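The values are calculated or read from the model by the stated rules, or taken from the named source; none is laboratory data. Predicted, not measured: the structure shown is a model, and the values here were computed from it. Cβ atoms come from the backbone with ideal geometry, glycine included; neighbour counts cover every protein chain shown. The area values use the complete protein model at the heavy-atom level, side chains included, leaving out ligands, DNA and RNA. Shrake-Rupley method; radii C 1.70, N 1.55, O 1.52, S 1.80 Å.
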Amino acid sequence: MGSQAVAWKSGDAYEEMLGTLYDYWACWTICAIADLSVADHLAGGSLTADEVAARGGSAADPTLRLLRAGVAVGVLTEEADGRFGSTPLLDTLRSDNPRSLRPIVLSQMGSWLPWGGFAAGIRKGKTAFNEAAGKNIFEYLAEHPDEAELFSGGMASMTAVSGPAIADVIDTSGVQCAVDVGGEIGRASCRERG
C-alpha cells in the first residue's frame, strides 16, 4: 500500500490535504482489521465477509464494508466470487509473524491517548501523554496491564523491523557489542561487529 496522499500530489493544496485525511482514515481501517485479526483469519486462504465475521465475532454487513475499505487501502484483495484474500501488507499483521506489526498498530491507534491531548499539550508546553492521561506513560501502563502488553509488543515489533537497519548506520567502531535495551520490557539486541 502506498500512501494515499501520494495519489493526491496534484499540486493542489486542497486535494493534498484531503489525501492526508484519507491516510488518517486508512490508518483506522488498518487498526480495525488488526483488532479483528483479519490477517490471522485469512492465513489459510480467502474467505467471504460472512466467514470473516463469524471467525472474528463481528456483524456481517459492517465486516463487508471494512474488508472493502481494506481493499481500497491495499491490504486485502477481493476476488470475483466475493471472497477476500490476503496481501503481503496484510501478512505484516499476522499474530504468528515474529515481526508482526499488529501490536504497534493496536497500541498506537487502538487506544493511544496522547493524540487526544496533542494540541492542548503543545499549548501548555506539556507532554501530550501526560496532558491526556493525567500521569506519565509508565504510571498509566502500570495501571492498565492490557495496554502495557500492547505497548510492549509494539515496541518489540518496531525493534524487530527497524533495529537491524538502525544498527547498520550507528558507528560502533571499536565497540565489540552494542546493546539497545528498550521497548518497556527490556528486550535487548546485540550485534557484533567483525
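Cβ contacts < 6 Å: first residue over 15 Å from Thr77 (Cβ atoms), restricted to the stretch 41-56; second residue in a helix (DSSP H, G or I), any location; separation 6+ or different chain. Result?
These pairs meet every condition: Asp50/Ala60; Ala53/Ala60; Ala53/Thr63; Arg55/His41.
For the stretch 78-91: of the residues being touching a helix residue (DSSP H, G or I) at 6+ places or on another chain (Cβ under 8 Å) and either free of Cβ contacts under 8 Å to residues at least 24 places away in the same chain or open to solvent by less than 50 Å² (accessible area, probe 1.4 Å) (or both), which is nearest to Ser152 (Cα to Cα)?
Applying the filter and picking the extreme gives Leu90.
Quick one: which of Arg99, Arg65 is basic (Lys, Arg) and closer than 25 Å to Gly19 by Cβ?
Arg65
If I filter the stretch 100-112 for residues that are in a helix (DSSP H, G or I), buried (at least 17 other Cβ atoms within 10 Å of the Cβ) and without any contact (Cβ under 8 Å) to a residue 40 or more places away in the chain, do I get at least one hit?
No, the conditions are met nowhere in the stretch 100-112.
Given Ala120, Ala142, Ala165, which one is surrounded by fewer than 12 Cβ atoms within 10 Å (Cβ to Cβ), in a helix (DSSP H, G or I) and either at pLDDT below 85 or hydroxyl-bearing (Ser, Thr, Tyr) (or both)? Break it down stepwise before answering.
Values: Ala120 fails: surrounded by fewer than 12 Cβ atoms within 10 Å (Cβ to Cβ); Ala142 fails: either at pLDDT below 85 or hydroxyl-bearing (Ser, Thr, Tyr) (or both).
Of Ala120, Ala142, Ala165, the one residue that is surrounded by fewer than 12 Cβ atoms within 10 Å (Cβ to Cβ), in a helix (DSSP H, G or I) and either at pLDDT below 85 or hydroxyl-bearing (Ser, Thr, Tyr) (or both) is Ala165.
Hey, can you tell me all the residues within the stretch 125-139 that are assigned to a helix (DSSP H, G or I) and either open to solvent by less than 50 Å² (accessible area, probe 1.4 Å) or free of Cβ contacts under 8 Å to residues at least 24 places away in the same chain (or both)?
Pass one, the stretch 125-139, residues assigned to a helix (DSSP H, G or I): 128-133, 137-139.
Residues satisfying the conditions are Ala128, Phe129, Asn130, Glu131, Ala132, Ala133, Ile137, Glu139.
Quick test of your reading of the structure: Ser157 fulfils all but one of (1) surrounded by fewer than 18 Cβ atoms within 10 Å (Cβ to Cβ); (2) assigned to a helix (DSSP H, G or I); (3) of a type in the set (Gly, Ala, Ser). Name the failing condition by number.
Here Ser157 clears every test but (1).
Residues that are out of contact with any helix residue (DSSP H, G or I) (no Cβ under 8 Å at 6 or more places or on another chain) and among the aliphatic types (A, V, I, L, M): does the stretch 20-36 have at least one?
yes
Pairs please, first residue from the stretch 22-34 and aliphatic (A, V, I, L, M), second anywhere and open to solvent by 40 Å² or more (accessible area, probe 1.4 Å), Cβ atoms under 6 Å, 6+ apart in sequence or on different chains.
Qualifying pairs under 6 Å: Ala26/Gln4; Ala34/Arg102.
Kindly list the number of the only condition in (1) farther than 30 Å from Leu64 by Cα; (2) not in a loop (DSSP other than H, G, I, E, B) that fails for Leu90.
Unmet for Leu90, out of (1) farther than 30 Å from Leu64 by Cα; (2) not in a loop (DSSP other than H, G, I, E, B): (1).
So how many residues does the stretch 168-184 have that are at pLDDT 80 or above and either open to solvent by less than 50 Å² (accessible area, probe 1.4 Å) or not in a loop (DSSP other than H, G, I, E, B) (or both)?
The qualifying residues number 1.
Among the numbered conditions (1) over 21 Å from the mean Cα position of the chain (by Cα); (2) of a type outside the set (Ser, Thr, Tyr); (3) open to solvent by 70 Å² or more (accessible area, probe 1.4 Å); (4) over 30 Å from Phe151 (Cβ atoms), tell me where Gly44 comes up short.
(4)
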